[in-house]
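*Asks:* Pasting a structure below so you can have a look.
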Amino acid sequence: MSYFQTSRDVGRDGQEVTYNDGMRHMRAPFSRMEWSPAAPLESKKTCADPRVSMLQFDPGFSDPNWCVNAHIGLVLSGSIELEFEDSGEVYGEGDAFVIQGGTRHRARNSGPSPVRLFIVTNP
């Protein structure tokens, strides 16, 4: 028995968008998407909602710029160092993090393998 009236559509980027009783949600088919270069040693998969993405930082990646966007992230593989103005933290596979908007931070991968993250950004 279905409790919702469901309809499906294709978004402008070719990704599936589903509507249940007028409530919009989307599928992010990361497993079928190609990695796109974003910066040196950085690749990205972005879905219909650009706030939701997967990031890969290759060994040696170090962001020279400070970011102040809010993020919720989950480390899928590898480990990442997040530098804050007055401290730093290392997050490994399975660790999640929440960074409040306005908090200056930047990322670095000084490990021997790529790090992959699922991340939601709120500018």
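The values are calculated or read from the model by the stated rules, or taken from the named source; none is laboratory data. Quick caveat, the model's predicted, so the values are computed rather than measured. Please note: Cβ atoms are built from the backbone with ideal geometry, for glycine as well, and neighbour counts cover all protein chains shown.
*Asks:* How do the strands (runs of 3 or more DSSP E) wholly within the range 1-102 filter down when requiring 2 or more residues that are of a type in the set (A, V, I, L, M, F, W, C), buried (at least 16 other Cβ atoms within 10 Å of the Cβ) and at pLDDT 85 or above: which remain?
*Replies:* Counting at least 2 such residues, we get 52-57, 70-77, 79-84, 96-99.
*Asks:* Right, another one. Which of the residues spanning the range 113-123 are surrounded by fewer than 12 Cβ atoms within 10 Å (Cβ to Cβ) and within 15 Å of Glu42 (Cα to Cα)?
*Replies:* Ser113
*Asks:* Which of the residues that make up the range 77-105 are touching a Cys at 6+ places or on another chain (Cβ under 9 Å) and of a type in the set (D, E, K, R)?
*Replies:* Of everything in the range 77-105, just one residue is touching a Cys at 6+ places or on another chain (Cβ under 9 Å) and of a type in the set (D, E, K, R), namely Arg104.
*Asks:* Return the residues of the range 76-104 that are under 24 Å from Trp35 (Cα atoms) and in contact with a Leu (Cβ under 6 Å, 6 or more places away or on another chain); say none if nothing qualifies.
*Replies:* The answer is Ala96, and nothing else.
*Asks:* Please enumerate the residues belonging to the range 81-101 that are over 16 Å from Val68 (Cβ atoms) and not hydroxyl-bearing (Ser, Thr, Tyr).
*Replies:* Glu81, Gly88, Glu89, Val90, Gly92, Glu93, Gly94, Asp95, Ala96
*Asks:* Name the single residue, out of those in the range 103-112 being more than 17 Å from Ser77 (Cα to Cα) and not β-branched (Val, Ile, Thr), that is surrounded by the most Cβ atoms within 10 Å (Cβ to Cβ).
*Replies:* Taking the candidates together, the pick is His105.
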